[in-house]
Amino acid sequence: MKSVYILAAIICTAEISGAETSLFSKKGGFTEGNLQGQQSWLSEGGVIDFNRGGFILSSETWKSSFYGIPVDAQKNTSCSISADFGFTLNGRGSADIFSLMINERPSGLGALRGFFIRTLDSPVYKFGFKSSDNKLYLSSPVPEEKIGLGESAVSDRLTMTMIMEKGDTPADWSVEVELLNARTGESLSRLVQTGVTLDTSIYETDTWYTGFSSSRGDRDTGTRNRCVYLFSFSGDQDSKTLFLIL
């Protein structure tokens, strides 16, 4: 039976077969403040705020958060990771607003990283991923009106997905990234790339850790209230999936 782990700030009305449920609240064992150490999360700067609905918020110190239970990299040949996020504009900026990460350890160093970037050329945003050898792969630019900005400073809820599939060598990975507007259901940008080089340790490891990050602060991005609403990951053979609904 497929196992599903849910940590939630709201009660989900959908029925999930075989689910183990924990409310993202005091009743669910969470406390306000640092996410670090709560419900298996390893976090640097993630902040839980019940007054804002239990969101994990960004700040000048927000770095990264990894789920402490990894995907079995020997059993699985691919790993899929997804998150819903949003933000509010607050001045000009040019930096990563949000990113997804997969690595052989709970660290952003050397990780495969999918990213969503605000540029000084706004209203244009960039989307893509960066491999372990620091090569950038960019998809088509995303106009700000497609993410709910323009007349409003508050973005729509966006869904970023990244899938990596193991090849025959550390230089033969396949990576797919996609950005969706969760409100409209429109695919805003998608990129599929083969022959991607990832660190040898990611290829040879027994475990893949998954997480999200923004290594830059609010001042650099020109944003505030960057929030993570939902986080999930899975392997192609491993039935264990985590949902974090914030």
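Annotation: aspartates and glutamates with alpha-carbon distance below 15 angstrom to Lys126 (same-chain offsets under eight excluded): Asp96, Glu144, Glu145, Glu178. Of all aspartates and glutamates in the structure, the ones whose alpha carbon falls short of 15 Å from that of Lys75, not counting any fewer than 8 places away in one chain, are Glu104, Glu165, Glu204, Asp206, Asp236, Asp238. Note on Ala182/Val154: beta-carbon distance plugged into 1/(1 + (r/R0)^6) with R0 of 22 Å gives a FRET efficiency of 0.95. Listed peptides 189-199, 154-164 appear in the order 154-164, 189-199 once ranked by packing, highest mean of other Cβ atoms within 10 Å at the front. The mean of 1/r over all pairs of different alpha-carbon atoms in segment 64-207, once inverted, gives a Kirkwood hydrodynamic radius of 15.8 Å. Here the label points at Thr119 and Ser215, each 7 Å from Cα along the C-beta direction, are separated by 1.9 nm in the simple model.
In loop segments of segment 65-147 as defined by DSSP, the trypsin sites (Lys or Arg not before Pro) with at most 12 further C-beta atoms inside 10 Å of their C-beta are Lys75, Arg92, Lys135. When only alpha carbons are used to place a centre, segment 85-146 and segment 148-173 end up 8 Å from one another. Proximity of backbone amide H atoms, modeled 1.01 Å from N, is registered between Thr207 and Ala73 at under 5 Å, excluding neighbours fewer than 5 places apart on the same chain. The GluC sites (Glu not before Pro) of segment 142-210 that DSSP puts in a loop, and whose beta carbon has at most 14 other beta carbons within 10 Å, are Glu151, Glu186.
Spin-label model, Gln36/Asp236: points 7 Å from Cα along the beta carbon direction are separated by 3.7 nm. Shown in residue order for segment 156-166 are the 3J(HN,Hα) couplings computed by the Karplus curve 6.51 cos²θ - 1.76 cosθ + 1.60 at θ = phi - 60°: 5, 6, 10, 10, 10, 10, 9, 10, 10, 10, 6 Hz (x for Gly and Pro).
Where a number appears in this text, it was derived from the coordinates with a stated rule and is not lab data. Here the structure is a predicted model, which means the values were calculated and not measured. All Cβ positions, glycine included, derive from the backbone under ideal geometry; neighbour counts span all protein chains shown.
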